[in-house]
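Trainee: This is the structure I have questions about; it appears just below.
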Protein chains: 2
Amino acid sequence: MNTLLASPDEVEAVFYDAIARADLMALMSVWADDEDIVCIHPTGQRLSGAAAIRDSWRSIFANNPRLKVRLSRVVRWNSMLLAVHNVVETLYIGDEQKAHGPMLATNVFQRGASGWRLLAHHSSTAADRDLADRRVAGERQEDAPRTLH
Amino acid sequence: MNTLLASPDEVEAVFYDAIARADLMALMSVWADDEDIVCIHPTGQRLSGAAAIRDSWRSIFANNPRLKVRLSRVVRWNSMLLAVHNVVETLYIGDEQKAHGPMLATNVFQRGASGWRLLAHHSSTAADRDLADRRVAGERQEDAPRTLH
């Protein structure tokens, strides 16, 4: 996919949508063409570079084909060429109504010739379960889950 | 302290130096004047705003007066007004030669009227102990621990 992603929000929406659909190609399409891209999983694994990141998500999708991530408490810092979001991720596995997590993520975006792309995704487990988004899974909300505009 | 910090590297150096000296005032001086500043500790606590961040570090310093953090594997993304570093933190407590951690951190910086400041510090435990910086504590190295220039 070489769609031009016009904002960090769009990159983030495609990223979490690809996770929900276990679509490895779509997931990898959002990353910047930068050898130093970093993905840190809640397990504490730190992956650097597209090949290592692709392998880790292939393995996650093989074990958990349906992971719906709902974002809340999004803090955004934007500039012309770099943007950073800090978010709370609430995780739903398969058809379970029960929320997992919450997790905390810092997503870093870069604007290049082909629009915005993801430079880094740093995710870790939250201590405070009250951070979790307690809205019923499937219910439509203003900001989560994100849809492409 | 209202020193003009001329780069994200300087902000990071002052931040970790303040931790090493358990200097709460110096530590707080590096944060941006932004109500959404975020500090995520390896415990999974997510603190937002200067008051909550100050309280958490006061409590950390009360329990661990000397925490030396050595940085390695620093990845830097810089732009005019925002910058992001992803680093591996190796922790030394008191006079112990034994390394703790390693931890993974994403540090986000913003340039404002008074130079560069810290917007977010997201730290979490690394799964891979081999990431730790195994150099002898106290040995001088090119990039860690950082000194102000």
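The numbers here are math on the coordinates, done by the rules we state, and not lab data. The structure displayed is predicted, hence computed values, not measured ones. FYI the Cβ positions are ideal-geometry reconstructions off the backbone, even for glycines, and counts take in every protein chain you see.
Trainee: Considering amide H positions built from the backbone, and no H for Pro or chain starts, which residues 5 or more places from B:Asp128, or on another chain, come under 5 Å of its amide H?
Mentor: The list, which skips near neighbours in sequence, is A:Arg46.
Trainee: In addition: Can you list, shortest first in nanometers, how far B:Asp55 lies from the same residue in the other copies, with each label 7 Å from Cα toward Cβ?
Mentor: In nanometres, ordered from closest: 4.4.
Trainee: Given label points at 7 Å from Cα along Cα→Cβ, what nm distances, shortest first, separate A:Met80 from the same residue in every other copy?
Mentor: 0.3
Trainee: How about B:Lys98: which lysines have a C-alpha closer than 28 Å to its C-alpha, ignoring those fewer than 8 places off in the same chain?
Mentor: Within the straight-line cut-off, B:Lys98 pairs with B:Lys68.
Trainee: I've got another one for you. Just how large is the dipole of the protein assembly as shown about the Cα centre, in debye to the nearest 20, putting +1 at every Lys and Arg Cβ and -1 at every Asp and Glu Cβ?
Mentor: 400
Trainee: Give the angle, between 0 and 90 degrees and rounded to the nearest 10, that separates the Cα long axis of helix B:8-20 from the longest principal axis of the Cα atoms of chain B.
Mentor: Taking Cα atoms only, the helix is inclined about 60 degrees.
Trainee: Using only the Cα atoms of segment A:8-131, each taken as one equal point scatterer with no solvent, compute I(q) by the Debye sum, divide by I(0), and report log10 of the ratio at q = 0.17, 0.18, 0.19, 0.22 Å⁻¹.
Mentor: Log10 of I(q)/I(0), two decimals: -0.85, -0.97, -1.08, -1.46.
Trainee: Starting from one equal scatterer on each C-alpha and no solvent at all, send me the Debye-based log10 I(q)/I(0) for the protein assembly as shown at q = 0.11, 0.16 Å⁻¹, two decimals.
Mentor: For the requested q values the scattering log ratios are -0.65, -1.37.
Trainee: Any idea what the A:Asp95 label distances to the other copies are, label 7 Å down the Cα→Cβ vector, nm, shortest first?
Mentor: Label point to label point, same position, other copies: 6.4 nm.
Trainee: What are the ³J(HN,Hα) couplings of segment B:67-80, residue after residue, when phi is run through the Karplus curve with 6.51, -1.76, 1.60 and θ = phi - 60°? Round to Hz, x for glycine and proline.
Mentor: Calculated HN-Hα couplings, in order: 10, 9, 10, 9, 9, 8, 6, 6, 10, 10, 10, 10, 9, 4 Hz.
Trainee: Along the axis that rotates chain B into chain A, which residue of chain B has the nearest beta-carbon, and what is the gap in whole Å?
Mentor: Residue plus distance in Å, as requested: B:Ser124, 2.
Trainee: Using just the helices of chain A, give the 222 nm mean residue ellipticity in deg cm²/dmol: DSSP H runs with n ≥ 4 each add -39,500 (n - 2.57), and the total is spread over all residues, rounded to 500.
Mentor: -6500 deg cm²/dmol
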